[in-house]
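Enquirer: Dropping a structure here in structure tokens format, bear with me for questions.
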Amino acid sequence: MDGPRKLYNYLATLSMLQDVASKHSFDLSEEQVYTSTQCIRNATNTFRTYVAAHLYCKLESIRKTVGTKLGGLQFPHALLTDIPADKSMKQLEEYTWECQKVLCDVIRLSNASWRPIEELRKLGVIKTMLAIHILSPDWNMTNRSEMTGAAIEVISVCCCLPKVQLELVETHTHVHTTADGLSVLLQTGRGIQPEETAAVRICALKVMILCLNVDKEIYKKLDHARHRSTDDKKDNSSKKSTRNSCSPARIHLETMWSASRKQDAILMLIDVLHTRTPTTDADLIRTHACTALAGLARCEEVRQLLSKMPLVANNELQALMREPVAEDKKAEHQMFCREVTALLEIVSGKTMHDQVKDLTQEKLHKQWIVENTKINFNEKELLQLMIQYLNQSGYQESAQMLKREADLPDFPGTRANNNGIPATPIKSSETLLEPSTSTSTSAKKSSKPPVFSSPIARSSSMENDDVFATPTSVVRSRTSANKAVLSFPKKYLQSPMKPQKSYPFSGNETKPYRSLDGIISEYLRTQHSRCKNPVTTCPPFSLYYPHRCPDLNTAGMVSTNIARRQMDKDILNPNKRIVSNWLDERFIFSRFRPIKTINEHDETYTTCSFSIDDEHVILGLFSGDVHWINIESGADESVTNCHNSSITHIEPSEDGTMLLTSSAFVRPLSALWRLGHAMELLHIFNEDSTVKFSNSSLDRIIGTFSTKATLYDTESKHALNSFKCGDFDEPRHTKNIASLSPCDRLVFNDGVLWDVRTSGQPLHVFDILKEKTFNGCFHPHGNQVIINTEVFDIRNYRLLHHVPALDQCKIVFNSTGNMMIASMCQDPDAEQNIDTIGSTSFRTFDTSDYSVITTHDMKKPILGLSTSHSDTMVSVVEQHKQLASEYIVGSASQCKIFSIGRHRVAGDDDGEEEEEENEEDEENNRSDSDDSVGVHSDEDDDGSDDDDRSNSDESGEDDMDDYIDMDDDRNSLSVFEALGRLGDLEESDDDYDAESRSRSRSFSTSLSSDSSDSSSGWETASGEGNDEEEQEEGGVQFGNMDRSNSEEPDDSYEPDPQNDIDSRSSTALNPHLRRRNQNSQ
């Protein structure tokens, strides 16, 4: 081993590979760089030849010691010949990969050692080879692919030893970068860097196969040992964990699975499966990626994830199997199809009889049901069919004897009860008739019975007697004059599928290829597979009547007609009433009608939220102001300068006494406010980009800063705990926002689930299954967590649904949690690209199965989305006109308020077209000094851009619309109130109009502005007469800083609640104080 040590020392002493290079810059000449790179290339090639020689020597030693039978493993063909001791072995590169797989499985199963490779690992050769691969892009050499390919091949051969695989999991520092081997190999196999050639990518994927995959027979032994250890543990009541009782090979395999999942191996390998470049090697790259994924799929959690993902559930694998990437690579494509079939067998747990091109999860489940159905049939019916066949063949005496001995009735056996009497009336066509006399007479007169031959037999030639054909029984003549046996050519006496084999049965007889029971069972199973809804437990099959499984029972189901549901609601049982209410919610959230448009502010709206009593919509502006707009009157009743950058999040507390605000990029990023007669600052959160209240109470606030989540006490403002996973340095989600579960016992942050009581060890780390994963959130029901397009069950961490429509969408739920609205909102912060726009529509989903209810087209990019607490309105901030400058990316926007559950009338289209034509005139005539916000009533002149494509299938929606849209006055009521009045259809229109006018008068209460109502030292507009003039001349004032003239924001800015906050309010923001003032008036 002195030679490898000297060669390694030569490599390690090069200045380009020393760790000191990260601290000092070496001024190497071009000649020195070239000389060093050539030395590294020659050294890596030498190491590759060295480890390959030891690979063949190790396998030859195993072959001579143990033999070629290694528990199902097959030795490469090149090693099966004996080589004399005086001759050297030949290294054949085409067999090197097969030798690696065999040796890796042998060492993993036997837990043997490999001394030469162990010495290389101790020297640090593995780490050096990784460093060469990582640092080589900075060397600007022409033959880099050859050098890096040799380095990865050295790692590939050494990975036959499990200890080397574990070294790839560890994180190492290479000059100026820190990385682990698995992440580097996965990125190389994915081909992220354009300089990675196909040969290097294939070598990296081979290393992943050795780390993740194991031979099928070897895995059966490991899995059997694990189950046996688990059974022994249960019998002995041992306190040891199942993992400790497993074999070392099983523990090592699970360690590699877990480490690769942390590096997002599922996402990267699936991405490689869809690669199409380079064209010449794409098929081989996909084959190796599928093999590695099949090995990873043996992990139970990964197998469950893949079963729900589009790769398997939506036939993506079958689409890849249809044709190769390159037409001349059909051999590689066949290998890929075999690996795909093996992957599908592992994921589904079912044997694939052939390479099915169109296979879904539903078909796999149906196939499993059919295969596991126990086939039972009536034996009397089989005997009755035999009697009919004997009668047709002329064996009447044998038929009568069989009928007499079996005591068979003259009707099908399935229709007979225990006493042999028909259980049901028998039709004339169902009676088994005896053969007529003429038939039997003619049969006796004939010298030969009829010969039954297939069309193939009649049309085929008599040559080539050795070919195979379907077995045909020989029929003998019953006449004594002709005892000759009907002889058939030998080519028609054998099966076309398999060669003729003679099985010893008794004497000179041969056993048939299939028994009669097997033939009938297969025939009945084929019938069972044609059923629309097959079941595993079936009554006995009949040979006289076609089989059909019962259809789904639809009796007693809730009607899909909403009018009928409302009429039957009082007589429904509790379970059906829940379903009825759920269907009512689907109907309500399938239609939206615009009622208000707010677009009179100069600054861009960035986010919106409803007040706790739904009387105001709270709008956040790009300037950092927060406005309270009265929905009924349209008046701007309060404005507060909360932050020095765009508002990204607004959340009022459930009791209406506090408010949380978050901004984009200027500190303090978030703040807590008290709502009284005006907004009073309570606490600031300098680093947290988003803050949210807890769900069950207001005692806690959770904030998010990059990958760290902090839990605060609302009363003391102190940090209680922080949650951050140390395994990940960079955020795993595109925009991470931490959230608490509905019971406030769990925290979800950056794809990791935590217990609020401890921050040391996370409960679970969810896999990243999408390249750009948006932040996740809890379902209000508490059992699920939604991460971008995936819905997980937090009780067992299983993937429940994959919803592509939720990709990078902001999600808001209704009050019950049964429905949700989602849209891809444009990010208004400064890091957003000017060309990046959000979605132009929002969708409603049913959270029972996450099916899309309807899609509402806004025709303009959406910036914010919010629903009212009473589920009667939804507010949408949409981009109105793009504005771009050198320093900011903003847009003129407007806020639209929709009424939920009401259809848009036909007259709304004309108003929207007229508004778009006069848009520039409205901008020129707009007054900057108006105190009230311009609000347009979209019931008369807006809404053409809202194309509601409802997917609801209720047949009674037109009946409900006729009642809801009876006249304009009735439309002022919500659909919830209309549903509650379905039983009062006899009420006169006059009484209804009077009630509507009374409701309107009580809802629009006059609001007065009085500066004396403000408290806590707030400065209002009435107290400072020059504030408006200053704003008109120099922009919005925030403390001592004028944003209209400032080029860069002050990151160290912290507002002073006594001097710096500009707040104006004409009414009490606290709903309790506002209600008290209204009662006093």
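Enquirer: Taking the conditions exactly as written (over 25 Å from Arg144 (Cβ atoms), modelled with pLDDT of 85 or more and either part of a helix (DSSP H, G or I) or within 47 Å of the chain's Cα centre (by Cα) (or both)), does Arg5 satisfy them or not?
Expert: yes
Enquirer: Out of all the residues in the stretch 158-184, which are over 31 Å from the mean Cα position of the chain (by Cα), crowded, with 16+ Cβ neighbours inside 10 Å and within 15 Å of Ser136 (Cβ to Cβ)?
Expert: His174, Val175
The rows are residues; the columns are (1) in contact with a Cys (Cβ under 6 Å, 6 or more places away or on another chain); (2) modelled with pLDDT under 90; (3) open to solvent by less than 20 Å² (accessible area, probe 1.4 Å); (4) in a helix (DSSP H, G or I).
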{"position": "Lys240", "(1), (2), (3), (4)": "no, yes, no, no"}
{"position": "Ala249", "(1), (2), (3), (4)": "no, yes, yes, yes"}
{"position": "Ala259", "(1), (2), (3), (4)": "no, no, yes, yes"}
{"position": "Ile266", "(1), (2), (3), (4)": "no, no, yes, yes"}
{"position": "Val272", "(1), (2), (3), (4)": "no, no, yes, yes"}
{"position": "Thr277", "(1), (2), (3), (4)": "no, yes, no, no"}
{"position": "Arg286", "(1), (2), (3), (4)": "no, no, yes, yes"}
{"position": "Ala289", "(1), (2), (3), (4)": "no, no, yes, yes"}
{"position": "Arg303", "(1), (2), (3), (4)": "no, no, no, yes"}
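Enquirer: Can you name the residue in the stretch 838-876 that is of a type in the set (Val, Ile, Thr) and within 24 Å of the chain's Cα centre (by Cα) and, of all such residues, is farthest from Arg586 (Cα to Cα)?
Expert: Going through the qualifying residues, I end up with Thr840.
Enquirer: Specify the residue that is nearest to the chain's Cα centre (by Cα); the eligible residues are those in the stretch 695-717 that are part of a loop (DSSP other than H, G, I, E, B) and closer than 30 Å to Gln263 by Cα.
Expert: Selected residue: Thr707.
Enquirer: I've got another one for you. Working only within the stretch 828-845, note down all residues that are open to solvent by 20 Å² or more (accessible area, probe 1.4 Å) and at pLDDT 65 or above.
Expert: The answer is Ser839, Thr840, Ser841, Arg843.
Enquirer: Then there is this: Among the residues of the stretch 305-340, which ones are of a type outside the set (A, V, I, L, M, F, W, C), more than 16 Å from the chain's Cα centre (by Cα) and either over 27 Å from Tyr219 (Cα atoms) or modelled with pLDDT of 90 or more (or both)?
Expert: Residues satisfying the conditions are Arg322, Glu323, Pro324, Glu327, Asp328, Lys329, Lys330, Glu332, His333, Gln334, Arg338, Glu339.
Enquirer: Output yes when any residue across the stretch 637-647 is open to solvent by 30 Å² or more (accessible area, probe 1.4 Å) and of a type outside the set (Gly, Ala, Ser), and no when none is.
Expert: So far as the stretch 637-647 goes, no, none of its residues is open to solvent by 30 Å² or more (accessible area, probe 1.4 Å) and of a type outside the set (Gly, Ala, Ser).
Enquirer: In the stretch 654-666, is there at least one residue being modelled with pLDDT under 90 and closer than 17 Å to Gly864 by Cβ?
Expert: yes
Enquirer: Of the residues Leu317, Leu311, which is assigned to a helix (DSSP H, G or I), open to solvent by less than 10 Å² (accessible area, probe 1.4 Å) and either without any contact (Cβ under 8 Å) to a residue 24 or more places away in the chain or closer than 13 Å to Ile266 by Cβ (or both)?
Expert: That would be Leu311, the only listed residue that is assigned to a helix (DSSP H, G or I), open to solvent by less than 10 Å² (accessible area, probe 1.4 Å) and either without any contact (Cβ under 8 Å) to a residue 24 or more places away in the chain or closer than 13 Å to Ile266 by Cβ (or both).
Enquirer: All but one of (1) open to solvent by less than 20 Å² (accessible area, probe 1.4 Å); (2) closer than 21 Å to Pro4 by Cβ; (3) at pLDDT below 90 hold for Ile117; which doesn't?
Expert: Here Ile117 clears every test but (3).
Enquirer: If you don't mind, another one. Being open to solvent by 20 Å² or more (accessible area, probe 1.4 Å), free of Cβ contacts under 8 Å to residues at least 60 places away in the same chain and in a strand (DSSP E or B) is the requirement here; does Leu720 meet it?
Expert: Judged against the criteria, Leu720 is a match.
Enquirer: Do you know which residues across the stretch 669-683 are under 38 Å from the mean Cα position of the chain (by Cα) and open to solvent by 10 Å² or more (accessible area, probe 1.4 Å)?
Expert: The answer is Leu669, and nothing else.
Enquirer: Sticking with this one: Do we have any residue at all in the stretch 581-590 that's crowded, with 19+ Cβ neighbours inside 10 Å and among the basic types (Lys, Arg)?
Expert: yes
Enquirer: List every residue pair whose Cβ atoms sit under 6 Å apart, with the two residues 6 or more apart in sequence or on different chains, where the first one lies in the stretch 169-198 and is closer than 21 Å to Thr287 by Cα and the second, anywhere, is open to solvent by less than 20 Å² (accessible area, probe 1.4 Å) and among the polar types (S, T, N, Q).
Expert: That search, which allows pairs on different chains as well, returns Leu182/Ser260; Glu196/Thr188.
Enquirer: Tell me yes or no: at least one residue of the stretch 644-652 is in contact (Cβ under 8 Å) with a residue 40 or more places away in the chain, farther than 27 Å from Phe778 by Cβ and in a strand (DSSP E or B).
Expert: Within the stretch 644-652, none of the residues are in contact (Cβ under 8 Å) with a residue 40 or more places away in the chain, farther than 27 Å from Phe778 by Cβ and in a strand (DSSP E or B).
Enquirer: Sticking with this structure for a sec: Every residue in the stretch 615-636 that is of a type in the set (A, V, I, L, M, F, W, C) and open to solvent by less than 10 Å² (accessible area, probe 1.4 Å), please.
Expert: The answer is Val617, Ile618, Leu619, Leu621, Val626, Trp628, Ile629.
Enquirer: Name the residues in the stretch 560-580 that are charged (D, E, K, R) and closer than 20 Å to Ser848 by Cα, would you?
Expert: The answer is Arg565, Lys576, Arg577.
Enquirer: For residues that are open to solvent by less than 20 Å² (accessible area, probe 1.4 Å), in a loop (DSSP other than H, G, I, E, B) and either within 19 Å of Glu878 (Cβ to Cβ) or acidic (Asp, Glu) (or both), tally how many sit in the stretch 599-613.
Expert: So the answer is 2.
Enquirer: Of everything in the stretch 341-358, what is modelled with pLDDT under 80 and either surrounded by 19 or more Cβ atoms within 10 Å (Cβ to Cβ) or among the charged types (D, E, K, R) (or both)? Give them in sequence order.
Expert: Listed by number, the residues that qualify are Lys350, Asp354, Lys357, Asp358.
Enquirer: Sticking with this structure for a sec: When the stretch 862-898 is examined, which residues are found to be modelled with pLDDT of 85 or more, open to solvent by 20 Å² or more (accessible area, probe 1.4 Å) and either among the basic types (Lys, Arg) or assigned to a loop (DSSP other than H, G, I, E, B) (or both)?
Expert: His869, Ser870, Thr872
Enquirer: Buried (at least 20 other Cβ atoms within 10 Å of the Cβ) and in contact with a helix residue (DSSP H, G or I) (Cβ under 9 Å, 6 or more places away or on another chain): does that describe Leu769?
Expert: Considered against the rule, which asks whether it is buried (at least 20 other Cβ atoms within 10 Å of the Cβ) and in contact with a helix residue (DSSP H, G or I) (Cβ under 9 Å, 6 or more places away or on another chain), Leu769 comes out as yes.
Enquirer: Out of (1) in contact with a Lys or Arg (Cβ under 6 Å, 6 or more places away or on another chain); (2) at pLDDT 90 or above, what's the single condition that is false for Arg902?
Expert: Of (1) in contact with a Lys or Arg (Cβ under 6 Å, 6 or more places away or on another chain); (2) at pLDDT 90 or above, only one is false for Arg902: (2).
Enquirer: Condition first: assigned to a loop (DSSP other than H, G, I, E, B), more than 21 Å from Ala265 (Cβ to Cβ) and touching a residue at least 40 places away in the same chain (Cβ under 8 Å). Now tell me which residues in the stretch 739-773 satisfy that.
Expert: Within the stretch 739-773, Ser741, Pro742, Cys743, Asp744, Val756 qualify.
The values are calculated or read from the model by the stated rules, or taken from the named source; none is laboratory data. Source: prediction; values computed, not measured. In this analysis, Cβ positions are derived from the backbone assuming ideal geometry, glycine residues included, and neighbour counts consider all displayed protein chains. Ligands, DNA and RNA are stripped out before the accessible areas are found, and what is left, the full protein with its side chains, is counted by its heavy atoms. Shrake-Rupley method; radii C 1.70, N 1.55, O 1.52, S 1.80 Å.
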